[in-house]
Amino acid sequence: MVAAPTLAEEILQLKARRRAVILAHHYQEPEIQEIADSIGDSLELARAAQKFEGDVIAFCGVRFMAETAKVLNPQRTVTLPDLNAGCSLVDSCPAEAVRAFRRRHPGHVIVSYINTSVEVKAESDILCTSRNAAAIVNSIPPEKPILFLPDINLGNFVKKQTGRQNMQIWQGACIVHATFPGRRLAAARAEHPGALVAAHPECPGEVLRMADFIGSTSAIIDWCAKQSAEEFIVMTESGVRYSLEKQSPGKRFYFVANENCNCSECPYMKLNTLEKLRDCLETLRPSIELPPDIIERARVPIERMLAVR
Ligand code: 13P
Ligand code: SF4
């Protein structure tokens, strides 16, 4: 008797039939990362989407990432296993509020974190991610005032890194990183005195001040691999454990839970499952559909960001 294909095998068959690619963020469940064609942080995944040449992108991440892939591939199908995979930063920054700011401050350059809706991207001058935010801000002439949105912690970190004074910062926050308590990090450091601390810049200032390294998801993974230390306290979403252990076999990684859920997981990222991925490759639903004028306007700031190296 021939054994029925596993879910992973079904997905790989569907992927070949659909001429699809599976792009997965580091926060996805390990079983999704195992079958992905590319795993990355939000900048790496946007670059992977930019150079894609097949028919379908199955985006295992959150909606703003899939929307970015769609803007870069308007003629292709972009599916997201669960359309409810949102982001608190997106929710903190409605497009109408950005338009109102623009009307009041026509001279400001609007630098938007990629964690924004496609409508906000369409109102923006240039995008950034946690990986390139300082380089993007430094690419703007120093005399130009900036509105940086929507993450307050990343904004404060970039302001410090660049020394940029004429920069207003939106008051949005990530429900995962912004709630990591410095107190619990201090306790973890006392418990693991030999461990180095790596943090994502969406964490609060009190956490960033204790960090040995601050960087994007992939930058954290790469940095931990390069250090001679054997132990790390990692202040970001715990899905990164998969790539950390793959790239740094034998090293130990500790995650500090936040007080709301006593975990360090993004509830939006965890909505995607292998079953939903199989179904979306089968039916090509749900897919990301965007108005053509929004695609055209959002493409400009995305491509400006991708041009900055
Ligand atoms: P990265 O750009 O580091 O992947 O971050 C995306 C994100 O949503 C972090 O919470
Ligand atoms: Fe958004 Fe935070 Fe989840 Fe990242 S971890 S997708 S910033 S809610």
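Inside the range 190-203, can you point out the residues that are outside any loop (DSSP other than H, G, I, E, B) and within 16 Å of ligand 2 (Cβ to nearest atom)?
Selection gives Ala198, Ala199.
Scan the range 216-231 residue by residue and report those that are more than 8 Å from ligand 1 (Cβ to nearest atom), part of a loop (DSSP other than H, G, I, E, B) and not aliphatic (A, V, I, L, M).
Gln227, Ser228, Glu230
Residue check: is Pro291 over 21 Å from the mean Cα position of the chain (by Cα), away from ligand 2 (no atom under 16 Å from the Cβ), within 22 Å of Cys87 (Cα to Cα) and free of Cβ contacts under 8 Å to residues at least 60 places away in the same chain?
yes
Identify, by number, the condition in (1) among the aliphatic types (A, V, I, L, M); (2) within 16 Å of the chain's Cα centre (by Cα); (3) surrounded by fewer than 22 Cβ atoms within 10 Å (Cβ to Cβ) that Ala8 doesn't meet.
(2)
I need the full set of residues from the range 232-248 which are of a type outside the set (Phe, Trp, Tyr) and in a helix (DSSP H, G or I), in order please.
Ser238, Gly239, Val240, Arg241, Ser243, Leu244, Glu245, Lys246, Gln247, listed by residue number.
Return yes when Ala85 is among the hydrophobic types (A, V, I, L, M, F, W, C), at pLDDT 95 or above, within 16 Å of ligand 1 (Cβ to nearest atom) and part of a loop (DSSP other than H, G, I, E, B) and no when it is not.
yes
Checking the conditions here, which among Thr116, Thr79 is more than 16 Å from ligand 2 (Cβ to nearest atom), modelled with pLDDT of 95 or more, under 18 Å from the mean Cα position of the chain (by Cα) and not aromatic (Phe, Trp, Tyr)?
Only one candidate passes the filter, namely Thr79.
Just to be sure before I move on: is Ser112 of a type in the set (S, T, N, Q), in contact (Cβ under 8 Å) with a residue 60 or more places away in the chain, assigned to a strand (DSSP E or B) and surrounded by 17 or more Cβ atoms within 10 Å (Cβ to Cβ) in the structure I sent?
The answer is yes for Ser112.
Has the range 15-25 got at least one residue that is within 16 Å of ligand 1 (Cβ to nearest atom), in a loop (DSSP other than H, G, I, E, B) and closer than 23 Å to Ala298 by Cβ?
No: zero hits.
How many residues does the range 83-139 hold that are within 21 Å of Lys160 (Cα to Cα) and of a type in the set (Ser, Thr, Tyr)?
The qualifying residues number 5.
The values are calculated or read from the model by the stated rules, or taken from the named source; none is laboratory data. These figures come from a predicted structure and were not determined experimentally. For neighbour counting, all protein chains shown are included, and Cβ atoms are generated from backbone atoms with ideal geometry for every residue, glycine included.
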